[in-house]
Amino acid sequence: MGWHEAIEDGITIGKDSRDSNCYYPPCHICATPVYSWTYSRGVKYTCKDCRAEVVRQAREEGEVISTDKKQMKLENSIKRISKITDIEHYKDAIRLVEESLNKTGWYQSTEEIMVALELIRCNVKAFHQVKIFDYSVDFILPERKVALEIDGKIYHGKDRQKYESIRDEVITNKLGEGWEMIRITTDNINKNVTKLIPGINAVLKSRKLQRG
């Protein structure tokens with residue numbers, strides 16, 4: 001995914017305000033270049049005008065579509081972050097998330113959007129909903145070698161714990177040496193998402209010390 005696929009597919013690559021790669025794949029409806037901070041082959045990118053038209057037509061037909069639900073989740077994310085800190089710091093992040101709201105499988109919860117906004121604000125390179133074998137990882141942070149999962153609640157059953165342990169091991173083994181799986185609850189995200197990166201760094205430091 002990303003740069004190599006964009007080169008192979010002839011996708012225009014530029015630089016954003018943070019001097020990171022950005023991509024301009026064509027809208028799958030009208031072919032207008034669509035700004036995106038990531039590129040994945042097979043994803044249907046939709047420009048704002050076409051997305052608005054799809055929403056309008058769907059509303060006329062009385063249908064409820066996922067785009068509306070995701071927009072509501074984004075609005076809820078903005079409200080929750082606004083209660084914690086100055087939302088102006090997230091201006092660029094909000095714009096980037098809005099551009100990718102329509103991607104299939106992305107942003108399945110308000111908390112995932114909050115995490116995406118925080119990662120962008122902190123200039124942390126990340127990939128969202130990455131497929132590894134039969135699993136999907138919420139966020140991959142390549143520069144920190146972290147697979148980040150956002151958990152809605154803690155499961156205490158032994159079977160569930162065993163499943164999660166096996167899943168995490170399979171994922172980190174596939175990613176390679178030095179990779180860590182870190183799970184953060186939605187409660188912690190909602191309490192103060194600005195502590196996300198310090199929290200990740202603290203976990204990595206603690207695990208390193210434990211291993212000597």
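Values in this text are rule-based calculations from the coordinates and carry no lab data. What you see is a predicted model; the values in this text were computed from it and never measured. For neighbour counting, all protein chains shown are included, and Cβ atoms are generated from backbone atoms with ideal geometry for every residue, glycine included.
So how strong a dipole does region 65-211 carry about its Cα centre when Lys and Arg Cβ are +1 and Asp and Glu Cβ are -1, to the nearest 20 debye?
Values: 27 positive and 22 negative charges, 74 e Å.
The calculated dipole for region 65-211 is roughly 360 debye.
Once the Cβ-Cβ distance between Asp134 and Glu88 is put in as r, and R0 is 41 Å, what FRET efficiency do you end up with, to the nearest 0.05? Can you show the working numbers first?
On the way: r = 41 Å, r/R0 = 1.00.
After rounding to 0.05, the efficiency reads 0.50.
With r as the distance between the Cβ atoms of Lys44 and Lys79 and R0 = 22 Å, compute the FRET efficiency 1/(1 + (r/R0)^6) and round to 0.05.
Here the calculated transfer efficiency is 0.15.
List the residues whose amide H sits under 5 Å from the amide H of Cys22, counting only those 5 or more places along or on another chain, with H placed 1.01 Å from N in the peptide plane.
HN-HN under 5 Å from Cys22: Gly14, Lys15, Asp16.
Roughly speaking, what is the stretch gain from Glu164 to Arg183, that is 0.36 nm per residue apart minus the C-alpha to C-alpha distance, in nm to one decimal?
Details: separation 19, 0.36 × 19 = 6.84 nm, distance 1.05 nm.
Computed gain between Glu164 and Arg183 is 5.8 nm.
Expressed as an acute angle from 0 to 90° and rounded to the nearest 10, what is the orientation of the C-alpha long axis of helix 196-211 relative to the principal long axis of the chain?
Tilt relative to the chain: about 30 degrees.
Quick one: Cα centre-to-centre distance for region 71-148 and region 177-212, in angstrom?
So the two Cα centres are separated by 16 Å.
If we count chymotrypsin sites (Phe, Trp or Tyr not before Pro) as exposed when they sit in a DSSP loop and have at most 16 other beta carbons within 10 Å, what is the longest stretch of the chain that avoids them all? Intermediate values should be presented prior to the final figure.
On the way: sites that count: Phe133, Tyr155.
Counting at most 16 other Cβ atoms within 10 Å as exposed, the longest clean stretch of the chain is 1-132.
What residues qualify as long-range amide H neighbours of Glu180, i.e. H under 5 Å apart, gap of 5 or more or another chain, H built at 1.01 Å from N?
Val146, Ala147
If the chain between Arg95 and Asn201 were fully stretched, how many nm would it gain, using 0.36 nm times the residue separation less the Cα-Cα distance? Intermediate values should be presented prior to the final figure.
Working: separation 106, 0.36 × 106 = 38.16 nm, distance 2.66 nm.
This chain segment gains 35.5 nm when fully extended.
Would you compute, for the Cα atoms of the chain, the largest minus smallest coordinate along each principal axis and list the three values in descending order, in whole Å?
56, 39, 36
Please list, in order along region 122-132, the HN-Hα scalar couplings obtained from phi with the Karplus expression 6.51 cos²θ - 1.76 cosθ + 1.60 (θ = phi - 60°), rounded to whole Hz, x for Gly and Pro.
8, 6, 9, 5, 8, 10, 9, 6, 8, 7, 10
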